[in-house]
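K.L.:
The structure's right below; bear with me while I get my questions together.
The values are calculated or read from the model by the stated rules, or taken from the named source; none is laboratory data. Note that the structure is predicted; figures quoted are calculated from it, not measured. Glycine also receives a Cβ, built like all others from the backbone with ideal geometry; neighbour counts cover every protein chain displayed.
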C-alpha cells in the first residue's frame, strides 16, 4: 500500500475525491476478478471431488452398469430398433423408450 499522503494534503478537494473514486473503482474491479477466480476454484474442487467419488465407488458403479449393458445388448438383439411409438419392436404398448435404455433410468434418479 503506497498512499501519496503529501500529494493528497496539498491537492484540492476535487482531486482527493477523484482519487477516492479511482480507489473504489479499483476495489470493485478486484472484487470482480476475485469472484471469477473463486467460481473457477469451486468448479475445480467440485470436479476433483467427483473424481475422488468415482475412485472410491468405481467397483460398485461397474457392478451396476455391467448388468445394464447386458440388458441393453439383449434388447438390441431381440427387439432391434425402436418402433415409431418409442417402444422396442415387438414390445407391448406403453413400454417407454427409457426401458429400452436402462442407463437413462439411472440418470433420472
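K.L.:
Kindly list the number of the only condition in (1) in a helix (DSSP H, G or I); (2) out of contact with any helix residue (DSSP H, G or I) (no Cβ under 6 Å at 6 or more places or on another chain) that fails for residue 3.
P.N.:
For residue 3, the exception is condition (1).
K.L.:
Okay, next question. Give the number of residues within the stretch 11-34 that are surrounded by 10 or more Cβ atoms within 10 Å (Cβ to Cβ) and over 38 Å from the mean Cα position of the chain (by Cα).
P.N.:
Looking only at that region, the number is 7.
K.L.:
Right, next: Any residue at all in the stretch 19-39 that's assigned to a helix (DSSP H, G or I), farther than 30 Å from residue 3 by Cβ and modelled with pLDDT of 95 or more?
P.N.:
Yes, the stretch 19-39 contains at least one residue that is assigned to a helix (DSSP H, G or I), farther than 30 Å from residue 3 by Cβ and modelled with pLDDT of 95 or more.
K.L.:
Here is a follow-up. Out of 45, 71, I need the residue that is surrounded by 10 or more Cβ atoms within 10 Å (Cβ to Cβ) and modelled with pLDDT of 95 or more. Which one?
P.N.:
Just one listed residue meets the conditions, 45.
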